[in-house]
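This report refers to the structure that appears directly beneath it.
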Amino acid sequence: MPVGLFRVCVLVITAIVNHPLFFSKENGTVPENTEEIIRKMKEREESLRLEQLRLEQEIADQEATQKALEKAAVVVEESKEEKVRWDLWTALSMVIFLLIELWRQDFQEGNWQDIGGEEDDMAVLGKAFKGVAFPDKAVLASFYEKRILGTTGDMARMREMVEGFADDLLEALRSVCNRDADMEVEDCIGVGSMYENWRVCKPFVCDLIVPFAPPEPYCFRCQTWCSGDSFPPDEQGYGTIKVCRADEDVTGCICDKTKLGEDMLCLLHSQVSSTRPSSEMEDLLCFKNTQYLDADQVMKWFQIAVTKAWNRISHKYEFDLSFSLLDSPGALKIKFKSGKSIAFNLTPVVQYENSDVYFISHFPWSSLAADIPSSTHWFLTFTVYERRFIQLVSKTLPANACHVSCLQILSFLHGKQCSLTGPSGLTNYHLKTVLLHLLQTCPSQDWAPEKLEARLQDMLKFLEKCLHEKKLYHFFIGNGKVPAELGIPMIFQRAEPLNLFRPFVLRRDIYRKMVDTFHEMLRNMSALINEYTVHIPLAHTNGIRKETL
């Protein structure tokens, strides 16, 4: 700006000095072309005036631009300060939210076992029980004596008969199989409600699992979702089984993971041992063009092997044997000439390392059997440990403890309700899981026989809480409080808790059906129990009181 003013002043002074009026006419010599000179001077004056106007406009524009830049700088500075303040507030809010979320998850997952002594939580629950008449001790005792004990007396004889026949059938199966090429079958193991003495709903079905192993020189290498490799959320609780040679180090060599090229050779594995024909792996019941054990192939092999075994020993028995379910590999039914029948499940499984955890191929007793991601994914079952835990805890409970009675009554009510309204996602395994949690958290004296009514209410309330939150955690997975004498592999105790209700989170139709079935069971509870209750003397009925949870 000062430079511009200086230029204007110079032009003005020059014009004044050169003006013709400064020169006297007397002392000067007037040229002949005076008019021409005057005209040029006027033009020069006009040009200088225009230049002055242009310069003034330039100066004004510069001043306006300068003010605009200063104003823009102020706005940018203010916006930066505002953005910094907003970013700080956003970051602080996110930190607070994350801390709250982490605290909530730690509280739920770290203390999910501690539910037995929280009476405040229990008091808040029970909304579904309002207005529901709950039978008292006398009615429950009469119901249990007539309906439960009266129908479970023959279970021991049935178990003995089924186990003896299954042992004979498996022995015949071993004799018809090729020991050098077929799978090696081990002795069967009794699991489930029939062997835990709480089965009440007919028909009675014995569940037997049959471990099997590949022929030499092959072995199974099991991989679970919690072994460190990434598994999608819908595959939690599952694992894969790889068929390998016993002398093959699958973790130490990368020759089967990397394409070495035609001119390169692995120094640890020869080409003969590292490459296997596709037909050989399929003979080992693997999925096509893979080394992973296929549950569908196992099902076909097991059904064919059982059929051959029965043809060998059928002449020794005076009954017929048939497959009762086409989609289950070992759902068998014994048919006597009298018309009576006995059903049992003989399911092939693979042992996980040296533990009593097993990979199971199919769930003949589960409504979620169709949810298995693929035929190469096997679900892990802890049923042997569940039976062992119940036996271990029972030693510390009072005589004639009511824990089994609670599970039997609840299983009976659920079975009767499903016969009325159809099956739902809720299964007897969920009911047993509820009992396992309460057995761990409730004091031993709380399971005395006279406390049957209170413990049954606790099971129903806990189940209602799980349905409301859509969370029922697996008892062993992620539970660090399991007794050490059970021998549960630490990899499962240290894993994240497994939510058994997770499949229902996205399947709202099944979840709604499950909740409706539970509520209907509560409303029909008194009617179902009274229907199977013997007559109670008047002296007892006067003491009967209807309670609501």
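Applying the condition of being open to solvent by 20 Å² or more (accessible area, probe 1.4 Å), farther than 27 Å from F143 by Cα and among the hydroxyl-bearing types (S, T, Y) to the range 369-398 and asking which residue is modelled with the highest pLDDT yields T376.
Check the range 160-181 and report whether any residue there is in contact with a Pro (Cβ under 9 Å, 6 or more places away or on another chain) and closer than 20 Å to Q391 by Cβ. Among the residues of the range 160-181, not one is in contact with a Pro (Cβ under 9 Å, 6 or more places away or on another chain) and closer than 20 Å to Q391 by Cβ, which makes the answer no. The number of residues in the range 399-422 being open to solvent by 10 Å² or more (accessible area, probe 1.4 Å) and either of a type in the set (K, R) or in contact with a Phe, Trp or Tyr (Cβ under 7 Å, 6 or more places away or on another chain) (or both) comes to 5.
Cβ-Cβ distances below 7 Å connect the following pairs, each with a first residue in the range 175-201 that is under 16 Å from Q408 (Cα atoms) and in contact (Cβ under 8 Å) with a residue 12 or more places away in the chain, a second residue that is open to solvent by less than 30 Å² (accessible area, probe 1.4 Å) and among the small types (G, A, S), and a separation of six or more residues or different chains: W198/S411; R199/S193; V200/S411; C201/S411; C201/G415.
Scanning the range 383-406 for residues that are under 15 Å from R455 (Cα atoms) and assigned to a loop (DSSP other than H, G, I, E, B) turns up L397, P398, N400, A401, C402. Among the conditions (1) in contact with an Asp or Glu (Cβ under 8 Å, 6 or more places away or on another chain); (2) part of a loop (DSSP other than H, G, I, E, B); (3) at pLDDT 55 or above, N289 misses just one, which is (1).
Within the range 469-477, one or more residues are in a loop (DSSP other than H, G, I, E, B) and open to solvent by 20 Å² or more (accessible area, probe 1.4 Å).
One line per residue, one yes/no per condition, for (1) surrounded by 10 or more Cβ atoms within 10 Å (Cβ to Cβ); (2) outside any helix (DSSP H, G or I); (3) at pLDDT below 65; (4) not charged (D, E, K, R):
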site	(1), (2), (3), (4)
E32	no, yes, yes, no
L48	yes, no, no, yes
Q52	yes, no, no, yes
E56	yes, no, no, no
I59	yes, no, no, yes
W86	yes, no, yes, yes
L102	yes, no, yes, yes
I115	yes, yes, yes, yes
D120	no, no, yes, no
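For R179, the conditions (1) in contact with a helix residue (DSSP H, G or I) (Cβ under 8 Å, 6 or more places away or on another chain); (2) farther than 30 Å from C402 by Cα; (3) open to solvent by 20 Å² or more (accessible area, probe 1.4 Å) are fulfilled apart from (1). All told, H535 falls short of being in a helix (DSSP H, G or I), modelled with pLDDT under 80 and surrounded by fewer than 16 Cβ atoms within 10 Å (Cβ to Cβ).
The values are calculated or read from the model by the stated rules, or taken from the named source; none is laboratory data. All values derive from a computational prediction rather than experimental measurement. Using ideal geometry, Cβ is built from the backbone for each residue, glycine included, and neighbour counts are taken over all protein chains shown. Side chains are part of the model used for accessible areas, which takes the heavy atoms of the whole protein and leaves out ligands, DNA and RNA. Shrake-Rupley method; radii C 1.70, N 1.55, O 1.52, S 1.80 Å.
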